[in-house]
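Below: the structure, in structure tokens.
What follows draws every value from the coordinates through simple rules; no lab data is involved. The shown structure was predicted, so the numbers you read here are calculated from the model rather than taken from an experiment. Ideal geometry is used to build each Cβ from the backbone, glycine not excepted, and the neighbour counts take in all protein chains shown.
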Amino acid sequence: MGIIVEGLSKAFGSTKVLKNISFTIPRGETTVLLGASGAGKSTLLRMLNLLETPDKGTMSIADMAFNFNDSHNSRQLNKQACALRRKVGMVFQQYNLWPHMTVLGNLIEAPVVQGMPKEQATTKARELLERVGLSEKADAWPSSLSGGQQQRVAIARSLMLSPDVLLFDEPTAALDPAITNQVVEVIRELSHSGITQVVVTHEVEFARKIASKVIYLEDGHIVEDGSSDHFAHPRTEAFRRYLEH
Amino acid sequence: MLDLFLNATLMTLGLALSSLVLGMILAGLLALGELSRFRLLRYLTISWVTLVRGLPEILVVFFIYFGVTHLLFLLTDEFIEISPFTAGTVALSLIFSAYASQTLRGAFMAVPRGQSEAAKALGISSVRCFYRVVLPQAWRHALPGLGNQWLVLLKDTALVALIGVTDLLRQAQLLSSKTYEPFTWYATAGAIYLVITLISQHCLDKMKQKTSQHIRTVDV
Ligand SMILES: Nc1ncnc2c1ncn2[C@@H]1O[C@H](COP(=O)(O)OP(=O)(O)OP(=O)(O)O)[C@@H](O)[C@H]1O
Ligand SMILES: [Mg+2]
């Protein structure tokens, strides 16, 4: 089971940002969320790990089900959100590494809080750093790394809890185009491991390289939703125009 | 003579350090109040800070020492004396906290939102996130400002001589009028203030180094 979202809506004050969104993402797919600025991509992504709470709809993700149609108790939801976030990792545009901890410290913080023995966390961290090609940087400070390296550390950090789903919000927007390929490689490698990935991006080229599925949003609606061959054969006029600009 | 000055130095240090501790606690509370979600609490805190910062320091000291004794008398009809040391500590920590709260508030706001969001996204609780992620970074931003305010506090302790605490300044005064050697005694007091300041400065530099070790330094 991957991600199933039905009738999700969200408003900030009086602006409706997401309107009745439904989609299904099978396990192991790498889905790209495209759309113009302000379309609601980040908001949608942040709902998938409950950094934003939907107003309405149902959501099933990482074997947890949520129903936002009934009135819900916010304490209860908070607890569930905490549990969910251990199975749904997130990677941010600005990396958001903690600058006062070493690379290794960044990686082991969450698993150690959650009860993993420190040695075990350290071993796992070193394996993951090797996987993203940064094994020699374990003891470096984040500020001494390049943007691409920092983003790969951030990806490794989010993999420490062995998530079922990994969310990316514009992971390459702060990077040099030449460095983007480092992130492409990591995402491709991860997609072979069976993890479900959802990637928000503005860069069509980057999207083509990683996507097995694409969702195109416009003004809070899903306009196009299909496999990666929609890049070559857009079904809607709107998506075709978006790809061309 | 020497032991008199030693006692006076300890008195000054005791005043300054206890005001620092109390003042830091108050400053933390005031900073939280100013960043609070509740508008009324925000306004009350801001007004309080504005009031304290708007008054001359000596007035705050007098007000706490004489004013509060009077107030207690009016309220309880009994004459309750508060010691000059206690009154001094309370007054100095009120003054310190009014300034330090501004430094703390700025320091907390200087930590980007993404820092705690990253912790949240990893299922880390907000309490844990506060003292593992936000506090260490805010501390680094706050340290230079707090260091300055500590040095100011150290010298403000001299105000308490006026309500009868035998601190460095008052001891120098007492000895001067007894021996008619004002230069010697005031210079001695000045030298001691200076030494304490230099030691503080040194400790602050050490702390600053420690909190900035992760910042890439550019050698010129
Ligand atoms: N916390 C918030 N409070 C109020 N409005 C918000 C908030 N977050 C987002 N919005 C609004 O919701 C709309 C969608 O925002 P969102 O960040 O999801 O867009 P996006 O598709 O990610 O855009 P971009 O490509 O610029 O990142 C925007 O109009 C934005 O102003
Ligand atoms: Mg966005």
Worksheet entry | Nearby aspartates and glutamates by direct alpha-carbon distance to A:Lys137 (threshold 14 angstrom, same-chain neighbours under 8 apart not counted) | A:Glu127
Worksheet, complete the sentence: Inter-part gap, Cα centre of the range A:48-127 to Cα centre of the range A:178-227, in whole angstrom, is 21
Response to the item:
The ratio Rg/Rh over the Cα atoms of the range A:67-121, Rh being the Kirkwood inverse mean 1/r radius, stands at 1.10
Worksheet item: Which of A:Lys118/B:Lys210; A:Lys41/A:Lys124; A:Lys87/B:Lys206 have a Cα-Cα distance over 30 Å?
Response: A:Lys41/A:Lys124; A:Lys87/B:Lys206
Practice prompt. Give me A:Met116, B:Met109 ranked fewest to most by other Cβ atoms within 10 Å of their Cβ, as a rough exposure proxy.
Written response: B:Met109, A:Met116
Worksheet entry | All aspartates and glutamates inside 15 Å of B:Lys155 as judged from Cα atoms, apart from same-chain residues fewer than 8 positions distant | B:Glu57, B:Asp167
Discussion item. Restricting to Cα atoms and excluding each atom paired with itself, what does the Kirkwood estimate give for the range A:1-140 in Å?
Written reply: 17.3
Practice prompt. Can you spot the aspartates and glutamates whose alpha carbon is less than 18 Å from A:Lys16's alpha carbon? Ignore those fewer than 8 places along the same chain.
Written response: A:Glu6, A:Glu52, A:Asp55, A:Glu218, A:Asp219
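Identify the chymotrypsin sites (Phe, Trp or Tyr not before Pro) of the range B:33-91 meeting these criteria: DSSP loop state and at most 14 other C-beta atoms within 10 Å of the C-beta.
Sparse-neighbourhood loop chymotrypsin sites (Phe, Trp or Tyr not before Pro): B:Phe38, B:Phe79.
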Item to complete: Hey, for a label at A:His72 modelled as a point 7 Å past Cα toward Cβ, could you say which residues of the range A:2-29 have their backbone N under 19 Å away?
Response: A:2-13, A:17-25
Item to complete: Taking just the C-alpha trace of the range B:109-220, give me its Rg and Dmax in Å.
Response: 21.7, 70
Discussion item. If you average the C-alpha positions of the range B:80-97 and of the range B:178-202 separately, how far apart do those two centres end up, in angstrom?
Written reply: 24
Fill in: GNM top mover of A:His233, A:His192, A:His202 - chain A, alpha-carbon springs below 10 Å
A:His233
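With only alpha-carbon pairs counted, each pair once and no self-pairs, how large is the Kirkwood hydrodynamic radius of the protein assembly as shown in angstroms?
26.3
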Worksheet item: When Cβ neighbours within 10 Å are restricted to other protein chains, what is their mean count per residue of peptide A:96-108?
Response: 4
Discussion item. Please report the projected area of the range A:184-245's Cα convex hull averaged over all directions, in nm².
Written reply: 4.4
Worksheet item: In the Gaussian network model of chain B, springs joining C-alpha atoms below 10 Å, which of B:Leu74, B:Leu94, B:Leu135 carries the largest mean-square fluctuation?
Response: B:Leu74
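When N counts the residues of chain B, how does its alpha-carbon radius of gyration compare numerically with 2.2 N^0.38 Å, as a ratio?
My calculation over the Cα atoms of chain B gives 1.22.
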Fill in: Of B:Glu57, B:Glu117, B:Glu81, the one that fluctuates the most in a GNM where chain B has Cα springs shorter than 10 Å
B:Glu117
Worksheet, complete the sentence: Rounded to whole angstrom, the alpha-carbon centroid of the range B:6-76 lies from that of the range A:1-36 at a distance of 52
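Quick check: convex hull of the Cα atoms in the range A:3-244, volume per residue, rounded to a whole Å³?
In the range A:3-244, the Cα convex hull volume per residue is 128 Å³.
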Worksheet, complete the sentence: Filtering chain B for DSSP H helices with an axial alpha carbon extent of at least 20 Å and a Kyte-Doolittle mean of at least -1.0 returns B:2-34, B:39-54, B:84-109, B:135-156, B:182-211
Discussion item. Taking every alpha carbon pair in the range B:54-162, what does the distance histogram look like in 10 angstrom bins from 0, in percent?
Written reply: 13, 30, 22, 18, 13, 3
